Amino acid sequence: MVSIQAAFRTPGYPDEGYFFKGSRYLRMWWKPGTPEERKVFGPATITNEWKVIRDAGFSSVDAMLPSVKNPQKVYAFSGNRYVRFSFVPGTPEESKIFGPANIVDEWKSLRDAGFNKVDAVIPIPSTKPEYEEEAYFFSGTKYIRVRYTPGTPKEEVVFGPAKITDEWKILRDAGFDEVDAFVPNSNSNTDVEVYAFRGTKYVRFRYGPGTPKEEVIYGPAGISENWATLREL
């Protein structure tokens, strides 16, 4: 069964991404809307290649949240804990920034929403200059939109928590009451294009943050039918 657990774009390589499932991951290149793709690295065991994740005691990850301003800085979520680190793709260079720590101890907005784990995230540029980052966090059948500044307790809930199927028409129509992972294709305050993965299926769509604007680009479809490289995970 082809499915994924977490994913994020490779910093500095706009057509590449890291995909995680269980204890393994791979890095791949693809051209959206075409069958063109190729493996860059892997599959490999996460703990053999990601030192910070191994030292945090994580054998797998549930979600990866890169910074929009500095995508080489990433939050890795696993169960009810997380760690933040920086890395250079294709090298062993890694540096822990913070953690590991309990999600509910450090993320007030997630704690108040009842999220003790994070299943998937969509990072977007902050819509307020006093906050550095902004993201949608998905946990179970619900999600929340949060502004925050890394390394500080500064957080602000923009929307939620709310039920995914009440607010995301495309995910509801695709039969996704929960989401395993998102991979952004484009990212702005007004227009975001993403792949959403759930179980053995995915859908590619565009939406406007804070608006009812949604548009299906492709899917839902089987991951194994259109992502040959991911069959190796």
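The values are calculated or read from the model by the stated rules, or taken from the named source; none is laboratory data. All figures in this text were calculated on a predicted structure; none of them were measured in a lab. Because the Cβ atoms are built from the backbone with ideal geometry, glycine has one as well, and the counts that use them run over all protein chains shown.
Of all residues in the range 41-62, exactly one satisfies the criterion of being surrounded by fewer than 17 Cβ atoms within 10 Å (Cβ to Cβ) and among the aliphatic types (A, V, I, L, M), namely ALA44. Considering only residues in the range 81-100 that are of a type in the set (Gly, Ala, Ser) and not in a loop (DSSP other than H, G, I, E, B), the one that is nearest to MET28 (Cα to Cα) turns out to be SER86. On the given criteria, is TYR82 among the aromatic types (Phe, Trp, Tyr) and farther than 29 Å from LYS213 by Cβ? Yes; evaluated as a whole, the condition is true for this residue. Going by what's in this entry, would GLY222 be described as in contact with a strand residue (DSSP E or B) (Cβ under 9 Å, 6 or more places away or on another chain), touching a residue at least 60 places away in the same chain (Cβ under 8 Å), of a type outside the set (S, T, N, Q) and more than 27 Å from PRO129 (Cβ to Cβ)? Taking the combined requirement at face value, the residue satisfies it. Scanning the range 134-167 for residues that are of a type in the set (S, T, N, Q) and either closer than 18 Å to ASP180 by Cβ or touching a residue at least 24 places away in the same chain (Cβ under 8 Å) (or both) yields SER139, THR141, THR165.
Taken over the range 32-80, the criterion of being acidic (Asp, Glu) and assigned to a helix (DSSP H, G or I) is satisfied by GLU49, ASP55. Identification of strands (runs of 3 or more DSSP E) wholly contained in the range 127-183 with 2 or more residues that are over 17 Å from the mean Cα position of the chain (by Cα) and aliphatic (A, V, I, L, M) yields 155-163. Residues that are surrounded by 15 or more Cβ atoms within 10 Å (Cβ to Cβ) and of a type in the set (Ser, Thr, Tyr) were ranked within the range 142-178; the one that is nearest to ASP62 (Cα to Cα) is TYR143. Checking each residue in the range 202-217 for being modelled with pLDDT of 95 or more and hydroxyl-bearing (Ser, Thr, Tyr) picks out only TYR202. Being among the β-branched types (Val, Ile, Thr) and part of a loop (DSSP other than H, G, I, E, B) is a property that holds for THR211.
Quick grid of which residues meet (1) touching a residue at least 12 places away in the same chain (Cβ under 8 Å); (2) surrounded by fewer than 19 Cβ atoms within 10 Å (Cβ to Cβ):
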site: MET64; (1), (2): yes, no
site: VAL68; (1), (2): yes, yes
site: ARG84; (1), (2): yes, no
site: GLU93; (1), (2): no, yes
site: PHE98; (1), (2): yes, yes
site: GLY114; (1), (2): yes, yes
site: VAL121; (1), (2): yes, no
